[in-house]
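Novice: What follows is a structure written as structure tokens; I'll ask about it next.
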Number of protein chains: 2
Amino acid sequence: MSLVLDSAAQDLLFREARTANTFTDEPVTDEQVRAIYDLIKYGPTSMNQSPLRVTLVRSPEARERLVRHMAEGNQSKTATAPLVAILSADNEFHEELPQLFPHFPQAKDAFFGERPVRESAAALNAALQAAYFIIGVRAAGLAAGPMTGYDAEGVRKEFLDDDHTPLMVVNIGRPGPDAWFPRNPRLEYDQVVTTV
Amino acid sequence: MSLVLDSAAQDLLFREARTANTFTDEPVTDEQVRAIYDLIKYGPTSMNQSPLRVTLVRSPEARERLVRHMAEGNQSKTATAPLVAILSADNEFHEELPQLFPHFPQAKDAFFGERPVRESAAALNAALQAAYFIIGVRAAGLAAGPMTGYDAEGVRKEFLDDDHTPLMVVNIGRPGPDAWFPRNPRLEYDQVVTTV
């Protein structure tokens with residue numbers, strides 16, 4: 001066995017963890033979200049850009065507004081999950097670079113003066129952080145239900161602004177009855193990895 | 001403490017793990033890469049798209065060709081890392097959907113008939129899988145050195161084809177002397193998370 005990570009952790013984060021489609025009523029607390037963030041903030045991004053932003057949809061009226069923008073097959077689970085988070089990329093992340101990359105504060109303008117460059121960097125790095133976030137939810141003993149089936153422009157207008165690009169909506173909670181479908185097959189190693 | 005993941009695993013994957021800039025000579029074996037893939041293949045993607053592809057650059061002549069496309073500051077570490085992997089997104093991932101999403105084989109054409117739709121889905125989901133890959137390298141007790149500073153079009157032409165978009169190049173190995181800079185600050189919780 002070539003892994004150092006203990007098998008309980010492997011199971012918790014990858015092997016037994018599943019995308020949940022139903023949840024129990026048990027609330028997800030702000031303390032849990034803080035603990036998740038306090039872990040996953042260390043995941044690496046290019047030049048420590050850290051463009052991920054998280055919008056927790058807690059009020060019933062906000063939840064209702066969000067559900068209207070979800071694809072039909074995602075509406076009932078988004079309506080009933082204990083917590084729903086909108087993950088987005090901050091295309092103005094460079095404003096924080098003097099804090100995040102203090103030994104080269106000029107990076108803000110030298111590398112990221114142009115919006116299309118920022119959008120492309122933010123899309124990649126916020127996606128990396130979205131994956132860390134999903135892993136972090138699992139590290140908290142919770143199940144994540146990440147979804148890309150929603151009206152992105154509608155969610156942006158309703159909850160964000162022109163500087164933020166929605167990446168996904170994630171249901172969070174303890175899995176309920178019949179929480180998942182049978183696991184789909186994965187690609188074989190030789191379909192994914194080649195050597196030159 | 002709100003996390004279930006044990007603290008040794010938290011340290012291994014996030015808190016103590018760092019982006020390495022130097023490496024020892026110890027080789028990274030195919031068995032290790034197989035073990036990493038066998039873990040991270042379970043990380044979730046939209047409709048199980050699984051668009052990540054990995055090119056292991058093992059031969060000295062391939063390594064030399066790659067180094068020429070790296071930004072100057074990345075060249076020496078890419079030349080000396082025990083293993084270098086090019087991570088890319090397969091924009092023709094839909095060809096594998098009948099295998100990956102067997103209960104709805106029509107998804108291949110119904111959702112992904114158009115290339116721009118595939119490119120956008122592949123970019124997001126391969127980036128999620130790139131993050132799982134970095135976590136997997138750490139789970140194997142190795143350090144990852146992910147880099148976005150390289151000539152993407154050059155790497156694509158040299159190692160991939162028009163159907164694959166390079167995402168990042170990752171140095172992999174055991175950290176060597178002075179392997180990392182002091183850790184950069186992270187954003188505070190309230191700079192990242194808002195509640196509605």
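Novice: Measuring from a point 7 Å out along Cα→Cβ, what nm distances, shortest first, does A:Q106 have to its partners in the other copies?
Specialist: With the label placed 7 Å along Cα→Cβ, A:Q106 yields 5.9 nm.
Novice: Separate question: Sort out for me the Cα centre separation of the stretch A:140-196 from the stretch A:77-95, rounded to whole Å.
Specialist: Using only Cα atoms, the two centres lie 11 Å from each other.
Novice: Under 20 Å Cα-Cα from A:K157, which aspartates and glutamates qualify once same-chain neighbours fewer than 8 residues away are excluded?
Specialist: Of all the aspartates and glutamates, those that pass the test against A:K157 - Cα under 20 Å, at least 8 places apart if same chain - are A:E61, A:E64, A:E72, A:D90, A:E92, A:E119.
Novice: Between B:S59 and A:R68, with labels modelled 7 Å along Cα→Cβ, what's the label distance in nm to one decimal, could you check?
Specialist: Each label point is offset 7 Å from its Cα along the Cβ direction, giving 6.0 nm.
Novice: Calculate the mean, over all residues of peptide A:51-62, of how many other protein chain Cβ atoms lie within 10 angstrom of the residue's Cβ.
Specialist: Per-residue shielding by partner chains comes out at 3.
Novice: Still on this model: I'd like the Kirkwood hydrodynamic radius of the protein assembly as shown, using the inverse of the mean 1/r over distinct C-alpha pairs, in Å. Can you show the working numbers first?
Specialist: Values: mean 1/r = 0.0472 Å⁻¹.
After inverting the pairwise mean of 1/r, the radius is 21.2 Å.
Novice: In terms of modelled amide H atoms, which long-range or inter-chain residues lie less than 5 Å from the amide H of B:G173?
Specialist: Those qualifying (amide H under 5 Å, at least 5 residues apart or on another chain) are B:A143.
Novice: Using a 10 Å cut-off on Cβ to Cβ distances, tally the other chain neighbours for every residue of B:36-49 and report the average as a whole number. If you can, show how the numbers build up before the last one.
Specialist: Numbers: counts 3, 6, 7, 7, 4, 7, 10, 8, 10, 6, 5, 3, 6, 1.
Per residue, the average neighbour count from other chains is 6.
Novice: If I model a spin label at B:D161 and A:E16 as a point 7 Å from the Cα along the Cα→Cβ vector, what separation in nanometres do I get?
Specialist: Rounded to a tenth, the inter-label distance reads 4.2 nm.
Novice: Which lysines, if any, have their Cα less than 22 Å from the Cα of B:K108, not counting same-chain residues under 8 positions apart?
Specialist: Answer for B:K108, where 22 Å is the Cα cut-off: B:K41, listed by chain and number.
Novice: What nm distances, shortest first, do you get from the label point of A:W180 to those in the other copies when the point sits 7 angstrom along Cα to Cβ?
Specialist: Output for A:W180: 2.9 nm, nearest copy listed first.
Novice: Could you line up A:S120, A:S7 from fewest to most neighbouring Cβ atoms inside 10 Å?
Specialist: Least to most surrounded, the residues fall as A:S7, A:S120.
Novice: Please report how far the C-alpha centroid of the stretch A:1-48 lies from that of the stretch B:1-68, rounded to the nearest whole angstrom.
Specialist: 17
Novice: In whole Hz and in residue order, list the ³J(HN,Hα) couplings for the stretch B:63-69 that follow from phi through the Karplus curve 6.51 cos²θ - 1.76 cosθ + 1.60, θ = phi - 60°; x for Gly and Pro.
Specialist: Result, rounded to whole Hz: 4, 5, 5, 5, 4, 4, 8.
Novice: For a quick check: with amide H placed at 1.01 Å from N, whose amide H comes under 5 Å from A:M168's, ignoring anything fewer than 5 positions away on the same chain?
Specialist: When sequence neighbours closer than 5 places are left aside, the close amide H contacts are A:L87.
Novice: In whole Hz, what ³J(HN,Hα) sequence does the stretch A:133-144 give by Karplus (6.51, -1.76, 1.60; θ = phi - 60°), x for Gly and Pro?
Specialist: Ordered by residue, 3J(HN,Hα) equals 4, 4, 4, x, 4, 5, 5, 8, x, 10, 9, 10 Hz.
Novice: I would also like to ask the following. Can you run phi through the Karplus equation (6.51, -1.76, 1.60; θ = phi - 60°) for the stretch A:149-162 and list ³J(HN,Hα) in whole Hz, with x for Gly and Pro?
Specialist: Using θ = phi - 60°, the values come out as x, 6, 7, 5, 5, x, 5, 4, 5, 6, 10, 10, 8, 5 Hz.
Novice: Taking the alpha carbon gyration tensor of chain B, what are the square roots of 5 times its eigenvalues, largest first, to the nearest whole Å?
Specialist: Each semi-axis is the square root of five times an eigenvalue, giving 28, 24, 17 Å.
Novice: For an R0 of 25 angstrom, estimate the FRET efficiency from the Cβ-Cβ distance between B:T195 and A:W180 and round to the nearest 0.05.
Specialist: Between B:T195 and A:W180 the formula returns 0.35.
Novice: In what order do B:K157, A:K108, B:K41 fall by count of nearby beta-carbon atoms within 10 Å, going from fewest to most?
Specialist: B:K157, A:K108, B:K41
Novice: Sorting check: for B:50-57, A:51-58, which peptide has the highest mean count of neighbouring beta carbons within 10 Å, and how do the rest follow?
Specialist: B:50-57, A:51-58
Novice: For chain A, what does -39500 (n - 2.57) per DSSP helix run (n ≥ 4), summed and divided by total residues, give at 222 nm, in deg cm²/dmol to the nearest 500?
Specialist: Calculated mean residue ellipticity at 222 nm is -11000 deg cm²/dmol.
Bear in mind these aren't lab numbers, they're just calculated from the coordinates by the rules spelled out. It should be emphasised that the depicted structure is a prediction, and the values quoted were computed from it without experimental measurement. Cβ atoms come from the backbone with ideal geometry, glycine included; neighbour counts cover every protein chain shown.
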